[in-house]
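*Asks:* Can you read through this structure? Questions will come right after.
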Amino acid sequence: MMVRRWWIRLMIVGLILGIGVFAAYRLYRWYRNSGTGSNNYIVEWLTDPASHEVLKSEAFSRCPNAPFILPTEGFIGLLWNDASAPYSFTSRHTGLDIFGYGTVGTIPIYAVYEGWLTRHEDWRSTVIIRHDDPLQAGRTIWTYYTHMASYDGDTSYIHKAFPAGIYSVFVEQGTLLGYQGLYNPPFPIAMHLHMSIVMTAEDGSFKNEAVLANTLDPSPYFGLELDADRSTSRPVECVE
Ligand SMILES: [Zn+2]
């Protein structure tokens with residue numbers, strides 16, 4: 001009799017544990033996939049070319065009174081402050097992901113605004129430009145552009161005018177910087193440009209771009225609603 005009770009208790013404990021694990025897994029899935037639904041749109045963009053007519057933005061386009069031009073052609077997929085996977089509510093996207101369509105290394109990327117370009121010695125796929133903030137006089141901000149290399153990182157798609165190890169070279173708004181690539185460890189997803197606006201550190205250098213608090217909401221610079229907490233449908237539209 002005692003032995004049977006012991007087994008029954010063990011089965012009940014096992015059942016409760018199983019339900020708990022299953023619930024935790026479901027909660028984790030919900031947590032990873034909730035947010036803006038950006039990934040649904042990105043899948044649509046990548047799998048259904050008919051969607052491009054609605055979703056595509058043009059390089060060089062600019063909303064009324066906005067200082068920045070769009071840096072590249074494609075779909076503005078992941079937004080700033082976006083919690084969609086591979087990001088999450090506790091680790092949000094720090095910039096914009098603009099997904100081109102076509103051959104890797106062929107879709108041009110342009111400087112959003114005039115400034116001074118730096119490419120560190122060990123940067124395969126990245127450049128950063130320092131700007132006098134057009135929206136706040138006296139402040140210095142930076143725009144960061146990355147993934148401009150092949151999947152394995154061996155071929156850089158940064159324009160040859162900007163070799164590794166150059167510092168503070170003046171560029172006009174609209175200067176060709178390079179081409180969209182795939183280099184994106186550890187998440188080499190579809191070809192896109194990741195671009196963010198980074199704040200300046202005490203010592204005058206740029207802050208760590210991977211941290212949301214070190215970046216600025218790009219919305220007022222582009223005149224577009226680009227904060228994922230406020231923008232729920234696509235394509236993003238100019239703010240009136
Ligand atoms: Zn990104």
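*Asks:* Would you mind telling me which numbered condition in (1) away from the ligand (no atom under 16 Å from the Cβ); (2) under 18 Å from the mean Cα position of the chain (by Cα); (3) in contact (Cβ under 8 Å) with a residue 24 or more places away in the chain residue 194 fails?
*Replies:* With respect to (1) away from the ligand (no atom under 16 Å from the Cβ); (2) under 18 Å from the mean Cα position of the chain (by Cα); (3) in contact (Cβ under 8 Å) with a residue 24 or more places away in the chain, residue 194 is out only on (1).
*Asks:* Let me spell it out: the conditions are (1) of a type in the set (Val, Ile, Thr); (2) touching a Leu at 6+ places or on another chain (Cβ under 8 Å); (3) modelled with pLDDT under 95, and residue 90 meets all of them except one. Which number is the exception?
*Replies:* Only one criterion in (1) of a type in the set (Val, Ile, Thr); (2) touching a Leu at 6+ places or on another chain (Cβ under 8 Å); (3) modelled with pLDDT under 95 is unmet by residue 90, namely (2).
*Asks:* Let me confirm something: among 75, 99, 60, which residue is under 26 Å from residue 149 (Cα atoms) and in contact with a Leu (Cβ under 6 Å, 6 or more places away or on another chain)? If you could, list the steps in order and put the result at the bottom.
*Replies:* On the way: 99 fails: in contact with a Leu (Cβ under 6 Å, 6 or more places away or on another chain); 60 fails: in contact with a Leu (Cβ under 6 Å, 6 or more places away or on another chain).
None of the others qualify; the one that does is 75.
*Asks:* I'm trying to understand the selection: among the residues of the range 172-197, which are under 19 Å from residue 121 (Cβ atoms) and touching an Asp or Glu at 6+ places or on another chain (Cβ under 8 Å)?
*Replies:* Hit for the range 172-197 is 183, nothing else.
*Asks:* Restricting the search to the range 55-107, which residues are part of a loop (DSSP other than H, G, I, E, B) and aromatic (Phe, Trp, Tyr)?
*Replies:* Our first condition is that a residue be part of a loop (DSSP other than H, G, I, E, B); within the range 55-107, this holds for 56, 58-71, 73, 79, 81-87, 89-90, 92-95, 100-107.
Answer for the range 55-107, where residues must be part of a loop (DSSP other than H, G, I, E, B) and aromatic (Phe, Trp, Tyr): 60, 68, 87, 89, 101.
*Asks:* As an exercise: evaluate residue 167 against (1) loosely packed, with under 14 Cβ neighbours inside 10 Å; (2) among the aromatic types (Phe, Trp, Tyr); (3) part of a loop (DSSP other than H, G, I, E, B) and give the number of the one condition it does not meet.
*Replies:* Single failed check for residue 167: (3).
*Asks:* Which one is nearest to residue 37 (Cα to Cα) among residues in the range 80-112 that are surrounded by 19 or more Cβ atoms within 10 Å (Cβ to Cβ), away from the ligand (no atom under 12 Å from the Cβ) and of a type in the set (Gly, Ala, Ser)?
*Replies:* 83
*Asks:* Could you tell me whether residue 161 is surrounded by fewer than 18 Cβ atoms within 10 Å (Cβ to Cβ), within 13 Å of the ligand (Cβ to nearest atom) and outside any strand (DSSP E or B)?
*Replies:* On the way: surrounded by fewer than 18 Cβ atoms within 10 Å (Cβ to Cβ): yes; within 13 Å of the ligand (Cβ to nearest atom): no; outside any strand (DSSP E or B): yes.
So residue 161 does not fit the description; no.
*Asks:* For the range 128-146: of the residues being in contact with a His (Cβ under 9 Å, 6 or more places away or on another chain) and under 19 Å from residue 69 (Cβ atoms), which is surrounded by the fewest Cβ atoms within 10 Å (Cβ to Cβ)?
*Replies:* The extreme case among them is 144.
*Asks:* Residues in the range 32-54 that are assigned to a helix (DSSP H, G or I) and either modelled with pLDDT of 90 or more or over 19 Å from the mean Cα position of the chain (by Cα) (or both): how many?
*Replies:* Taking the range 32-54 first, the residues assigned to a helix (DSSP H, G or I) are 32-33, 38-47, 49-54.
From what's left, either modelled with pLDDT of 90 or more or over 19 Å from the mean Cα position of the chain (by Cα) (or both): 38-47, 49-54.
Going through the range 32-54 one residue at a time, the tally reaches 16.
*Asks:* Would you mind telling me which numbered condition in (1) outside any strand (DSSP E or B); (2) away from the ligand (no atom under 15 Å from the Cβ); (3) over 25 Å from residue 235 (Cα atoms); (4) within 18 Å of the chain's Cα centre (by Cα) residue 125 fails?
*Replies:* Only one criterion is unmet by residue 125, namely (2).
The values are calculated or read from the model by the stated rules, or taken from the named source; none is laboratory data. All values derive from a computational prediction rather than experimental measurement. Virtual Cβ from ideal backbone geometry, glycine too; neighbours counted across all protein chains shown.
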